[in-house]
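For reference, the structure discussed in these notes is given below.
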Amino acid sequence: MKRMSLYFTGPQKVELRKEDFPKLAPGHVQVRSLVSAISAGTELLIYQGQTPQNLLADTELAAISGSLAFPLKYGYSIVGEVTQLGDGVKEPWNGKRVFAFNPHESAFNADVKDVQLLPEDCIVEDAAFLANMETAISLVQDGQPLLGEKVVVLGQGIVGLLAIAILSRFPLDLFSVDAIGLRREFSKRLGAKESFSTEAVADIKVRLGAQGADLVYELTGRPEALNTALDLVGEHGRILVGSWYGTRQASINLGKKFHRGRIKIISSQVSQIEPGLRGRWDKARRFEQAWHWLREIKPSRLVTHRFQFSNAADAYQLLAGDAENALGVLFQY
């Protein structure tokens, strides 16, 4: 049996390769892919050659545990249907639809412990955003928003929009910032009180008042946006950085109010639970919430483009060159 797998082979180069299908191991299932979501953050960094080549892709996920050196397979949001069971796997798994943290490919094998069953009332295209939803929940938990706080979310890509949708359930003054009008419109629909362009920092500061923001989320993927976050946050406020910048760097102004204002800059990364939460939270509990909010928010409405897997290169060219019109991008198999 053969399968088609997507490889990043160099800066702005991807190709589909036909591979022999690996033997199905005991305790594993074979999955036929239905749809997968592109991560417009990490995958674009890889596509554009802006990731450290000697860095491991992920230390927590078996399917993408290698380095980020070219050529590599990558991707972590795929939904498919179980077509074959390895020894020791119970019959009820056969024919079930599952989510997996697996690279983009037409079929794959996975340990049954590493796949998640789709709830009966969750459609395939919503399920493809499970990883993004888990990240959004992690960001909200790490930021610890408090009643009545003024919160700004910089960056309204998929993760930023999902974070807005969850934060809008809190009693907050909630604002967002993005350069792209399409994203600002989605942001307001999902619960932002107002959404500003990146050129309207002065207007945001007026809305925030003299005290500034209590909490700013930096989700743009651009390191220079930290300066905007520092400009908007108030004294004793906090900035939560959910972006990963890869090899990109920028000059950050920490000489103005950062030290005297005792501003906190907090890193957030979804691979682990924040230490202060681990007594009561684990990955299983967070995924339970992610499935709930997928069905509540229905992120499939954020999909702007769907590509047949055979046209994968066109999808990355779109995301790299036409951000004005692209938001959620899916592969269909």
> Is it the case that segment 285-302 has a residue that's of a type in the set (S, T, N, Q) and loosely packed, with under 13 Cβ neighbours inside 10 Å?
Replying inline: no
> Of these, Gly75, Gly27, which one is at pLDDT 95 or above and buried (at least 22 other Cβ atoms within 10 Å of the Cβ)?
Replying inline: Gly75
> Given the residues Val124, Val112, Val153, which is the only one that is modelled with pLDDT of 95 or more, surrounded by fewer than 21 Cβ atoms within 10 Å (Cβ to Cβ), aliphatic (A, V, I, L, M) and touching a Gly at 6+ places or on another chain (Cβ under 7 Å)?
Replying inline: Val112
> Residue check: is Leu174 within 18 Å of Ala290 (Cβ to Cβ) and not in a loop (DSSP other than H, G, I, E, B)?
Replying inline: no
>> Is it the case, given these coordinates, that Ala284 is in contact (Cβ under 8 Å) with a residue 40 or more places away in the chain and in a helix (DSSP H, G or I)?
In response: no
> Which one of these is touching a residue at least 24 places away in the same chain (Cβ under 8 Å) and surrounded by fewer than 23 Cβ atoms within 10 Å (Cβ to Cβ): Leu139, Leu118, Leu161?
Replying inline: Leu118
> Looking at Ala323, Ala250, which is the one that is buried (at least 16 other Cβ atoms within 10 Å of the Cβ), part of a loop (DSSP other than H, G, I, E, B) and at pLDDT below 95?
Replying inline: Ala323
> Give me the pairs: first residue in segment 179-201 and under 13 Å from Arg301 (Cα atoms), second residue in a loop (DSSP other than H, G, I, E, B), beta-carbon distance under 6 Å, and six or more apart or on different chains, which are they?
Replying inline: Arg183/Gln156; Ser187/Gln156
>> Return the residues of segment 82-97 that are surrounded by 16 or more Cβ atoms within 10 Å (Cβ to Cβ) and either closer than 23 Å to Ser310 by Cβ or polar (S, T, N, Q) (or both); say none if nothing qualifies.
In response: Gln84, Arg97
> Quick one: how many residues across segment 169-186 are farther than 21 Å from Leu319 by Cα and either surrounded by fewer than 16 Cβ atoms within 10 Å (Cβ to Cβ) or of a type in the set (A, V, I, L, M) (or both)?
Replying inline: 5
> Which one is farthest from Val151 (Cα to Cα), of the residues in segment 225-244 that are within 20 Å of the chain's Cα centre (by Cα) and free of Cβ contacts under 8 Å to residues at least 60 places away in the same chain?
Replying inline: Leu226
>> Looking at segment 1-37 only, could you name the residues that are in a loop (DSSP other than H, G, I, E, B), within 17 Å of Lys73 (Cβ to Cβ) and out of contact with any helix residue (DSSP H, G or I) (no Cβ under 9 Å at 6 or more places or on another chain)?
In response: Phe21, Pro22
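The values are calculated or read from the model by the stated rules, or taken from the named source; none is laboratory data. Everything quoted here is computed from the prediction, not taken from an experiment. Cβ atoms come from the backbone with ideal geometry, glycine included; neighbour counts cover every protein chain shown.
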